[in-house]
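One structure is given here, and the rest of the page talks about it.
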Amino acid sequence: KKLGIALVGLGNYSKGQLAPALQHTTNCYLAGIVTGTPAKAVEWSAKYNIPQKNIYNYQNFDEIADNPAIDIIYVVLPVFMHKEYTIRAARAGKHVICEKPMALNAQECAEMISACKNADRLLSIGYRLHFEPHNMEVMRLGQKEVLGKVTAIDTGNGFVYGGDPNAWRLKKALAGGGGLMDMGIYAIQGARYTLGQEPVAVKATQEKTRPELFKDVDETVFWELKFPGGAKVTGKSSYNNNWSYLHAQATNGKFALEPAYGYGSLDGTINGKPMQLPNIIQQAAQVDDFANCINANKQSRVPGEEGLKDMKVVDAIYRSLDSGKWETI
Ligand code: NAD
């Protein structure tokens, strides 16, 4: 069965990426929307041929429980709303995809996971890179030790924030943090999936060059992660630097991604030679896989537990910024 997806929150990512990607899927389609802005309902309904019966707002959202045309709810809201809408979606009997970062902290992630379990619904995080050929190649090279054991990784992700100074992204209560939550999560994950291991401790420092803009959230954060295998792993995130790379050194060679983490065109090298892999519509592959998982009744490769693991690292990085010490994850 081709599953119906409803997008909750029609901001930049829904409008610019997810809705267009959902025109290229085979196992699911854009069936409904949830929006607080009536003008968007009119616009989206016309553009994507969405029937009135599949359009909800934040007041009548729970009535979606009675709508068999919606199988999956995709939460694309500011971070502070992720937990509430994921739990309400699961209680309405729907499978859920929640955007990254999964929630404000690891505690919220754990609550979301157990709510979906209790409702017997699948939960997945919007981790599109697990379906992206260059990043999948890095997982293979690192985890299967194709060039030997990975001994060092350096990775960073960030962009120069030029948006609204009053946006939710710059408010700790709404976003959970700044560049680390939004961009650093990819670099944390890049190291985790290159090694196929979970980090045990972290030490972090930060820098602010525009403190007037980033008064409430982190701007640039640097960290070192301890992994059980002993690889030396450094990472950084920023709202003030255009970074997107992963460099890995192994005992018999090296590999790299640059750009590593965006949804535009990505590139990678193995011992300096281009990977020559295709760029795909990552979000189409991601949601199609989740629809497949639902039809096959199996866990996604990016379940809530994967989001929780990253948030535990993020929480420990914030603790280390406060303490100035190594923190256990
Ligand atoms: P955005 O600000 O453009 O959109 C947020 C939407 O939520 C808006 O339509 C806004 O109207 C709506 N909203 C509803 N209630 C709100 C409230 N109380 N306060 C503020 N907004 C409210 O943000 P975005 O860039 O689309 O990001 C949304 C989510 O998607 C975030 O979790 C973000 O990290 C994630 N995202 C993921 C990727 C990715 O590559 N996976 C890329 C961009 C964004």
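The table below gives the values:
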{"item": "Calculated on alpha-carbon atoms, Rg and Dmax of segment 69-209 in Å", "result": "17.1, 49"}
{"item": "Centre separation in Å (Cα based) which lies between segment 122-141 and segment 163-186", "result": "23 Å"}
{"item": "Simple spin-label estimate for Val160 and His24 in nanometres, 7 Å along Cα-Cβ", "result": "2.9 nm"}
{"item": "Computed E for Asn242/Val42 - FRET, C-beta separation, R0 45 angstrom, nearest 0.05", "result": "0.80"}
{"item": "Rg/Rg_ref, segment 16-64, where Rg_ref = 2.2 N^0.38 Å and atoms are Cα", "result": "1.15"}
{"item": "Relative contact order (%) - criterion: Cα under 8 Å, at least six apart; region: segment 133-279", "result": "31 percent"}
{"item": "With 5 Å bins from 0: P(r) over segment 133-279, alpha-carbon pairs, percent", "result": "2, 10, 19, 20, 17, 13, 9, 5, 2, 0"}
{"item": "Hull volume in cubic angstrom per residue (convex hull over the Cα atoms of the chain)", "result": "129 Å³"}
{"item": "Cα convex hull volume per residue for segment 211-266 (Å³)", "result": "113 Å³"}
{"item": "Relative contact order [Cα under 8 Å, 6+ residues apart], the chain, whole percent", "result": "20 percent"}
{"item": "Cross-link partners of Lys236 among lysines (Cα-Cα below 24 Å; sequence separation of 8 or more within a chain)", "result": "Lys100, Lys149, Lys171, Lys172, Lys203, Lys208, Lys215, Lys226, Lys254, Lys309, Lys312, Lys325"}
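Computed from the coordinates by the stated procedures, all read-outs in this text should not be read as laboratory data. Please read all numbers here as calculations on a predicted model, not as lab measurements. Here Cβ is always computed from backbone atoms with ideal geometry, including for glycine, and neighbour counts include all displayed protein chains.
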